[in-house]
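The values are calculated or read from the model by the stated rules, or taken from the named source; none is laboratory data. Everything numeric in this text was worked out from a predicted model, so none of it was measured. Positions of Cβ are generated from backbone atoms using ideal geometry, with glycine treated the same way; all protein chains shown enter the neighbour counts.
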Amino acid sequence: MTRIAFIGLGNMGSGMAANQAKAGRQVVAFDLSAEALARAKEQAMTPVSSAAEAVKDANVVITMLPAGSHVREVYMDAILPNAPKDAVLIDCSTIDVDSARTVARDASMQGFRAADAPVSGGTVAANGGTLTFMVGCREQDFADVEEALKPMAKAIIHAGDNGAGQAAKICNNMLLGISMIATSEAFALAESLGLDAQKFFDIASKASGQNWSLTSYCPWPGPVPAAPSNRDYEGGFAAAMMLKDLKLAQDAADTTGAPTPLGGAAEAIYTELVNAGFGGKDFSIVLQMLRGRL
Ligand code: NAD
């Protein structure tokens, strides 16, 4: 019987943990929020009052926490001192590469198998069990990590050694942030030149400007009916979350010395958007800031 300790039952973690329970696994759950624990009980999980208690009989420990500081603290104070040594430890939060490598190193020094496995897909995929996981772990541990993640996943990709999952996540999201701004700038320029937005979309989506931000997540309302731009930029991927990931990318670039001039510009633009009070809106609302409509 797979016994899962799940720590962090927020917007993402609650649906992910529920999918583990639905798959018939025993889920012992902990969050600092009493409300989250009550919801876990309704979803066939066993809520407990501390992370230490959650992990004590687990063979898989999954964390889904806000940032690197939370992950380091929960690993040092609760997981490493209390989990059985044969447990697989998987952190699914989006955190800095350094923290991911630090907790994995400390875990493996104590005999645990550890992985970073950040996700792509947002709350809809978390609830639907269709997340994409980017996994950083030792080659020989991947099969067990993959088995543990299956009830929550559409795709599980081994990115490389510990930290590689987080590296893949922040590089992908830096590319996404830049491409959304670039797509929005192109729409704003097209408008200023008197070019119809739908005509621009029809042409660029079949020309060399084609990209995911344009054809799957169009910031201009209309051309892609399912995109958040058609719902006043509600739902989707919050601008504040995009800013968090862009900051992680810039911190990593500062550490390694990698040149990321457009990543830096994207961080500045999303900082302006969030400071203007639009952190809760979908990140494609950057188009309206560039058009001077906010
Ligand atoms: P959230 O703030 O909704 O949930 C985090 C949960 O962790 C909260 O319920 C909080 O009470 C709990 N928590 C904090 N410290 C804790 C501790 N010490 N012990 C136990 N519980 C603790 O955040 P979220 O949206 O679920 O995101 C979680 C992670 O997933 C973040 O790293 C985020 O960047 C990443 N992520 C989020 C999305 C998204 O669309 N929301 C998409 C991809 C990745």
Here the residues within segment 1-14 that are outside any strand (DSSP E or B) and near the ligand (Cβ under 9 Å from one of its atoms) are Gly8, Leu9, Gly10, Asn11, Met12, Gly13, Ser14
Go through (1) modelled with pLDDT of 95 or more; (2) near the ligand (Cβ under 9 Å from one of its atoms) and name the single condition Thr123 misses. (1)
Candidates Leu195, Leu189 - the one that is assigned by TED's automatic domain parsing to the domain that holds Val286, farther than 23 Å from Leu262 by Cα and either out of contact with any helix residue (DSSP H, G or I) (no Cβ under 8 Å at 6 or more places or on another chain) or surrounded by fewer than 15 Cβ atoms within 10 Å (Cβ to Cβ) (or both): Leu195
Among the residues of segment 235-253, is there at least one that is in a loop (DSSP other than H, G, I, E, B) and surrounded by fewer than 16 Cβ atoms within 10 Å (Cβ to Cβ)? yes
Quick one: in segment 14-48, of everything that is touching a Leu at 6+ places or on another chain (Cβ under 8 Å) and not aliphatic (A, V, I, L, M), which residue is nearest to Val124 (Cα to Cα)? Arg39
Out of curiosity, is Ala44 small (Gly, Ala, Ser) and either near the ligand (Cβ under 8 Å from one of its atoms) or not in a helix (DSSP H, G or I) (or both)? yes
Out of (1) crowded, with 18+ Cβ neighbours inside 10 Å; (2) under 22 Å from Ala168 (Cα atoms); (3) within 14 Å of the ligand (Cβ to nearest atom), the one Ser69 does not meet is (1)
Going through Ile4, Ile62 one at a time, which residue ends up being surrounded by 19 or more Cβ atoms within 10 Å (Cβ to Cβ) and closer than 21 Å to Leu248 by Cβ? Ile62
